[in-house]
Ligand code: ATP
C-alpha cells in the first residue's frame with residue numbers, strides 16, 4: 001500500500017476552514033481505499049506566524065516541503081499585512097522555489113449549477129486554462145528608486161525566457177492533446193507588447209508543427225474576455241502568461257457559478273519536487289470565521305491532487321461525489337444560491353462518498 005505524505009498549509013482568512021474540510025474529505029477517501037494511505041502534516045504559516053517571527057514562513061520552510069508528495073494550500077492574505085508581503089512570503093515563494101511552472105485551472109459548469117450566461121450549458125463551457133507560473137509579469141524583477149521623491153520610479157519587469165515559454169506551451173499542447181476536442185488557444189497581447197508577447201507568438205508558431213493533431217488559434221487578451229462571454233463553446237484549452245491567465249481564470253470562475261468552486265494545481269510536471277493544489281479564491285475576509293465558505297474549490301483541488309498522485313479512481317470518485325451534491329441542489333453554499341454552511345456541504349459530499357454509489 002502506498003503512503004503519501006501531504007503538507008497542509010491552510011494560510012489565512014477562510015483558508016483554514018476550507019482546508020480542514022478538504023483534509024476531512026481526503027481522509028475519508030483514503031480510509032476506504034486499499035491502495036493508498038494519506039498522512040497529513042499541518043504547517044501554521046501565514047499572518048500569525050508573521051506577527052510572531054517577521055516572516056510568513058521559516059527560512060527553511062520550502063526545503064521542509066520538498067519531502068512531501070504534494071501540498072494542499074488554502075490562502076495567503078491578512079488584513080493587517082500588505083498583500084505583496086503575504087503573497088511573496090508564502091504562496092509565490094513556494095511556487096517559485098519548487099519551480100511549479102504549470103498552473104492548471106479547469107473551469108466548467110458543474111451539474112445543477114447555473115452560471116450567469118443565459119442558455120450556456122455544461123457542454124458549452126468546459127475549459128482548462130494553463131497559466132505560466134514561474135516568470136512573466138510575476139517574475140519579481142524590478143524595484144523602486146528615489147523613494148518618496150517626486151522623481152520616484154517603480155518598475156515591474158516582465159521576464160520571458162525561451163525555456164519558460166517553451167515548456168509551458170509544450171505542457172499546454174500535451175494537455176490539449178489529451179482532451180477530446182484537442183484544441184488550444186494562445187492568449188497574448190502581441191499587438192501592444194511588441195517584445196515578450198511577440199516572442200510568445202513566435203515560440204508557439206515554431207512548436208505547433210510538433211502537435212499536428214491539436215487545432216490552434218490565437219487571441220489578444222482583451223478580445224479573449226469577450227469571446228469567453230459570448231462564445232464559450234469555441235474554447236477548450238487556453239495558454240497564457242502569468243498575469244493574463246490570472247485575470248482570465250477569475251472571469252472563468254465567475255462564469256462557472258462562483259469563485260468558490262474553482263480549483264487549481266501548481267504543477268511541477270517533472271515530479272522531482274512536490275506540486276501544490278489550492279482553491280483559486282483568496283482569503284475572503286468578509287466571510288472569514290462565519291462557517292459559510294464554499295469548500296467545493298478545495299474539494300475539486302483535492303481531486304486534482306489525487307489525480308496527480310496517480311490515484312485516478314479516487315479522484316473521479318471525489319469528483320462524482322461533488323457533482324452529485326451540486327446536481328441534487330438541496331445542499332448548496334451561499335455563493336451558489338443556497339444557504340448551506342461549510343459543514344453541511346462537507347457532510348453532503350462525505351455522505352455522497354459513503355453511499356458508495358458515486
Ligand atoms: P485575493 O486577492 O487573495 O486573490 P480577492 O480579493 O480576489 O482575493 P477573495 O478573497 O477570493 O478575493 O474574495 C472575493 C469575493 O468572493 C468575496 O466577496 C468572497 O467572500 C467571495 N468568495 C471567495 N471565496 C469564496 C468561497 N470559498 N466561498 C464563498 N465566497 C467566496
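Looking only at segment 201-211, count how many residues are surrounded by fewer than 18 Cβ atoms within 10 Å (Cβ to Cβ) and over 10 Å from residue 173 (Cα atoms).
The total comes to 5.
Can you find a residue in segment 304-315 that is closer than 17 Å to residue 258 by Cβ, touching a residue at least 12 places away in the same chain (Cβ under 8 Å) and over 19 Å from the mean Cα position of the chain (by Cα)?
There is no residue in segment 304-315 that is closer than 17 Å to residue 258 by Cβ, touching a residue at least 12 places away in the same chain (Cβ under 8 Å) and over 19 Å from the mean Cα position of the chain (by Cα).
Tell me whether segment 252-274 contains one or more residues that are crowded, with 19+ Cβ neighbours inside 10 Å and over 25 Å from residue 87 (Cβ atoms).
Within segment 252-274 (the criterion being crowded, with 19+ Cβ neighbours inside 10 Å and over 25 Å from residue 87 (Cβ atoms)), the answer is yes, since at least one residue qualifies.
Is there a residue being within 8 Å of the ligand (Cβ to nearest atom), closer than 29 Å to residue 31 by Cα, assigned to a helix (DSSP H, G or I) and at pLDDT 95 or above anywhere in segment 266-280?
Checked segment 266-280: no residue is within 8 Å of the ligand (Cβ to nearest atom), closer than 29 Å to residue 31 by Cα, assigned to a helix (DSSP H, G or I) and at pLDDT 95 or above.
State all residues of segment 264-291 that are over 30 Å from residue 205 (Cα atoms) and within 12 Å of the chain's Cα centre (by Cα); if no residue qualifies, say none.
276, 277, 278, 279, 280, 281, 282
Out of 301, 320, report the one residue that is more than 10 Å from the ligand (Cβ to nearest atom), in contact with a strand residue (DSSP E or B) (Cβ under 8 Å, 6 or more places away or on another chain) and at pLDDT 95 or above.
Answer to the selection: 301.
Residue 278 fails exactly one of the following numbered conditions: (1) under 30 Å from residue 7 (Cα atoms); (2) surrounded by fewer than 17 Cβ atoms within 10 Å (Cβ to Cβ). What is the number of that condition?
Among (1) under 30 Å from residue 7 (Cα atoms); (2) surrounded by fewer than 17 Cβ atoms within 10 Å (Cβ to Cβ), the lone unmet condition for residue 278 is (2).
Among the residues that make up segment 222-243, is at least one of them within 16 Å of the ligand (Cβ to nearest atom) and either surrounded by fewer than 20 Cβ atoms within 10 Å (Cβ to Cβ) or not in a helix (DSSP H, G or I) (or both)?
Taking every residue of segment 222-243 in turn, at least one turns out to be within 16 Å of the ligand (Cβ to nearest atom) and either surrounded by fewer than 20 Cβ atoms within 10 Å (Cβ to Cβ) or not in a helix (DSSP H, G or I) (or both).
Condition check ((1) within 25 Å of residue 139 (Cβ to Cβ); (2) away from the ligand (no atom under 13 Å from the Cβ); (3) touching a helix residue (DSSP H, G or I) at 6+ places or on another chain (Cβ under 6 Å); (4) not in a loop (DSSP other than H, G, I, E, B)) across all residues:
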{"position": "89", "(1), (2), (3), (4)": "yes, yes, no, yes"}
{"position": "92", "(1), (2), (3), (4)": "yes, no, no, yes"}
{"position": "95", "(1), (2), (3), (4)": "yes, yes, no, yes"}
{"position": "113", "(1), (2), (3), (4)": "no, yes, yes, no"}
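Name the residue, out of 217, 231, 250, that is touching a strand residue (DSSP E or B) at 6+ places or on another chain (Cβ under 7 Å), closer than 24 Å to residue 109 by Cβ and outside the structural domain of residue 65 (by TED's automatic domain parsing).
The conditions single out 217.
Which residues, counting only those in segment 28-79, are within 16 Å of the ligand (Cβ to nearest atom) and surrounded by fewer than 20 Cβ atoms within 10 Å (Cβ to Cβ)?
79
The values are calculated or read from the model by the stated rules, or taken from the named source; none is laboratory data. Quantities reported herein were computed from a predicted structural model and do not represent experimental measurements. Heads up, the Cβs are rebuilt from the backbone with ideal geometry, glycines too, and the neighbour counts pull from every protein chain shown.
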